[in-house]
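All remarks here apply to the structure that follows.
None of the figures in this text is laboratory data; all of them are computed from the coordinates on show. This one's a predicted model, so the numbers in the text were calculated from it and none came from an experiment. Note that we place each Cβ from the backbone using ideal geometry, even for glycine, and neighbour counts take in every protein chain shown.
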Ligand SMILES: NC(=O)c1ccc[n+]([C@@H]2O[C@H](COP(=O)([O-])OP(=O)(O)OC[C@H]3O[C@@H](n4cnc5c(N)ncnc54)[C@H](O)[C@@H]3O)[C@@H](O)[C@H]2O)c1
């Protein structure tokens with residue numbers, strides 16, 4: 001049997017990168033997938049790809065930092081699919097602006113898209129999961145949510161907050177059979193990182209930090225997200241899963 005047969009999954013930031021690959025994999029594994037992103041044309045392309053492959057999916061234009069957008073997207077999902085089993089809070093942005101040059105506006109933008117979004121998404125979805133007898137929430141953090149790398153502090157702070165909100169959620173909602181886990185990607189080739197990774201010096205530095213001799217792919221992350229979304233991980237909650245080619249093994 002497919003690993004997500006009969007489940008309904010919302011994936012944010014599903015127009016590109018990891019969210020897109022998560023959505024394609026979830027659909028292949030039998031889930032009805034709700035893809036959301038601010039890039040609606042790209043989301044619609046992924047929805048069409050899923051349908052062409054025989055899967056079931058709908059797409060929404062959805063800004064994860066807007067409470068209004070969460071409410072309307074979740075209401076529409078409930079109308080169309082009747083329940084929500086899985087929420088993947090994947091949408092996020094990074095910034096290369098050094099800490100001392102970051103404006104308050106930039107700090108607040110990063111916080112609203114990377115962590116306030118998780119607060120809003122969980123508040124919108126958890127009541128439906130409770131009514132449904134449980135659910136699985138996967139919040140995408142980063143290796144930057146586990147250790148202080150150099151560079152923009154707002155990103156690191158936001159991803160650290162994702163990690164701890166996930167643990168608080170795991171404790172608070174375990175009695176409702178709702179699990180919450182965070183995933184911590186290492187250096188993964190996606191549209192977010194490709195400019196940096198095309199720079200040969202940066203690529204070399206990323207590789208020098210990663211024991212496995214390659215950069216990560218969105219597929220590497222998707223297989224971990226799938227495991228945490230599926231019932232195979234039904235006794236796992238509140239954990240942080242680095243998918244980092246061994247970065248943290250050093
Ligand atoms: N690529 C990496 O190396 C890496 C490493 C660690 C963590 N991450 C995290 O993984 C997640 C996915 O990143 P990715 O590499 O696939 O990046 P990506 O840029 O390819 O995808 C992110 C998606 O989020 C969407 N998005 C941005 N702002 C949004 C908003 N306000 N509302 C809704 N959608 C919005 C974008 O349109 C895009 O489709 C992010 O949370 C990122 O921080 C990435």
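Three semi-axes describe the equivalent ellipsoid of the chain; taken as square roots of 5 times the Cα gyration tensor eigenvalues and ordered largest first, they are 27, 20, 19 Å. Between the range 211-243 and the range 55-95, how many Å separate their Cα centres? Their Cα centres are 21 Å away from one another. Distance between the pseudo-spin-label points of residue 234 and residue 61 (7 Å out from Cα toward the beta carbon): 4.1 nm. Between helix 67-81 and the chain there is an angle of about 40 degrees, using the helix long axis and the longest principal axis of the Cα atoms.
Averaged across orientations, what area in nm² does the convex hull of the alpha carbons in the range 122-250 project?
Details: hull surface 34.0 nm².
Value for the range 122-250: 8.5 nm².
In square nanometres, what is the average projected area of the Cα convex hull of the range 136-186?
On the way: hull surface 12.9 nm².
That works out to 3.2 nm², a quarter of the Cα hull's surface.
Each of residue 96 and residue 45 was given a label point 7 Å from its Cα along the Cα-to-Cβ line. The distance between the two points is 2.3 nm.
Label separation (residue 209 vs residue 195): 1.8 nm, computed from points 7 Å beyond Cα along the C-beta direction. Mean sequence separation of contacting Cα pairs (under 8 Å, at least six apart), scaled by the length of the chain, corresponds to a relative contact order of 19 percent. Angle check, please: helix 117-131 long axis (alpha carbons) against the longest principal axis of the chain (alpha carbons), in degrees 0 to 90, nearest 10. The two axes meet at around 30 degrees. The range 10-53 and the range 155-186 have Cα centres lying 23 Å from one another.
Between residue 202 and residue 103, the C-beta separation translates, for a Förster distance of 22 Å, into a calculated FRET efficiency of about 0.35. In percent, rounded to a whole number, the relative contact order of the range 75-187 is 32, using alpha-carbon pairs under 8 Å and six or more apart.
If you fit an axis through the alpha-carbon atoms of helix 40-52 and take the longest principal axis of the Cα set of the chain, what angle between them do you get, 0 to 90°, nearest 10? Helix 40-52 sits roughly 60 degrees off the main axis of the chain. Over the range 6-80, how many percent of alpha carbon pairs lie in each 5 Å bin up to the one with the longest distance? Using 5 Å bins, I get a P(r) of 3, 19, 31, 26, 15, 4, 1 for the range 6-80. Once the mean of 1/r is taken over each pair of separate Cα atoms and inverted, the range 1-144 shows a Kirkwood hydrodynamic radius of 15.5 Å.
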